[in-house]
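Report on the structure given below.
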Amino acid sequence: MATSVGTRPTTWDLLRTHGFERRDFLRFCAITTAAMGLDASFIPQVAHAFETKPRLPVLWLHGLECTCCSESFIRSSHPIAQDVILNMISLDYDETLQAAAGEQVEEIRRKMIAEHPGEYVLAVEGNAPTKDGGVYCTIAGETFEKVLLETAEHAKFVIAWGSCASNGCVQAASPNPTGAKPIHELVHGKPIVKVPGCPPIAEVMTGLLAHVLTFDRLPELDRVGRPKMFYGQRIHDKCYRRAFFDAGQFVERWDDDGARKGWCLYKMGCRGPTTYNSCSTIKWNGGVSFPIGSGHGCIGCSEANFWDDGPFYARLATTRLPGVETTPQAIGKVAATAAALGAAAHLVSFGAKQVLSRDTDKGSNHPDNPQR
């Protein structure tokens, strides 16, 4: 049976104190494994980690943001946020969720940096203004940029929660009056994982933390630093409206017959073909639905510069990606051209065979033919 590691208890230690039996614990491990997108063969490895590893210490900073990432996080359904905060991680600093305030919590942050260098994870929600000395976001009399760099210096790695921290979001949209910058443009020399979205899906956030606690490392990242386990496919790839896209059946205006039938929203500005996220698989609100399922096109909130890539309801007529049809009209034109070329080739081939057949027949009846 697991015991505390040093002065910090393991997840299993805490669950036992809350009345969990072994069967409950294994069920919790199975749910967490599924949330990370892993198959059942990983359940023993997850259980072993929760039995033997101390809770993951996390310092959670807030810069320029609307707190929607925290709002999403606390609504996670598998695992629930309560289990994540109370049993899986040690949330030692978070201006939104902590009970304490003022100098007391700032002392906690500084103490964690000094006493646990290289052990804690820095989670950042929001970005940092850099114009005019960074005065547009301050904490306890210090600019957020200074607090961010000070805390990141000794972090094990950094999590950039949401589009604000990952790519700037609306604060960094043109003309960016505060000089807001995403985390990767300010913090250097540290592993950074981006979890974009406005906000990110709750289970993506808790799933990432569960992966880090289990394997003691970041998951495999894509070319822009997002975890492939959650951002490896386009929303378009698993969208239930994809069949209508392939069939050329599109909503032409809001509340038309196509909209009532659930046809594709591509012509209404849907960014699903260019957006990488788990909305069409994990979905939102405990897997109930996602924007496209509710009749609204994807606005591409997990992609960089999505606020400047508008207007949201204008069709992406110039979208060209490998494996993605360029425009609905182009689909028809290419199909018609291919059919015409195929028919022409067939006629040419048939005509050539007829001519060759006639020449052959003439040759066999020629007076000089030695086989005559």
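Things worth noting here:
- Residues of type aspartates and glutamates that residue 131 reaches as a straight line, Cα spacing below 15 Å, ignoring anything fewer than 8 places off in the same chain: 142, 145, 185
- Long-range HN-HN contacts of residue 56 with modeled amide H, under 5 Å: 89, 90
- This ranking places 220, 119 by how few other beta-carbon atoms lie within 10 Å of each, fewest first, which gives 220, 119.
- Projected over all directions and averaged, the alpha-carbon convex hull of region 233-326 occupies 5.9 nm².
- A cut-off under 15 angstrom between Cβ atoms defines the neighbours of residue 205, and their net charge, with Lys, Arg +1 and Asp, Glu -1, is -2.
- The ranking of 312, 28 by Cβ neighbour count inside 10 Å, starting from the fewest, reads 312, 28.
- Restraint check, 53/111; 156/190; 111/156; 53/194; 146/181, Cα-Cα greater than 18 Å: 53/111; 53/194
- When each of 110, 55 is scored by the number of other beta-carbon atoms lying within 10 Å, the sequence from fewest to most is 110, 55.
- Here the Karplus curve 6.51 cos²θ - 1.76 cosθ + 1.60, taken at θ = phi - 60°, turns the phi angles of region 181-197 into couplings of 10, x, 4, 5, 7, 10, 9, 10, x, 10, x, 10, 10, 9, 10, x, x Hz, with x standing for Gly and Pro.
Coordinate-derived values only; no laboratory data. In this text the structure is predicted, and so the values were computed from the model without any measurement. Methodologically, a virtual Cβ is constructed for each residue, glycine included, from the backbone with ideal geometry; neighbour enumeration extends over all protein chains shown.
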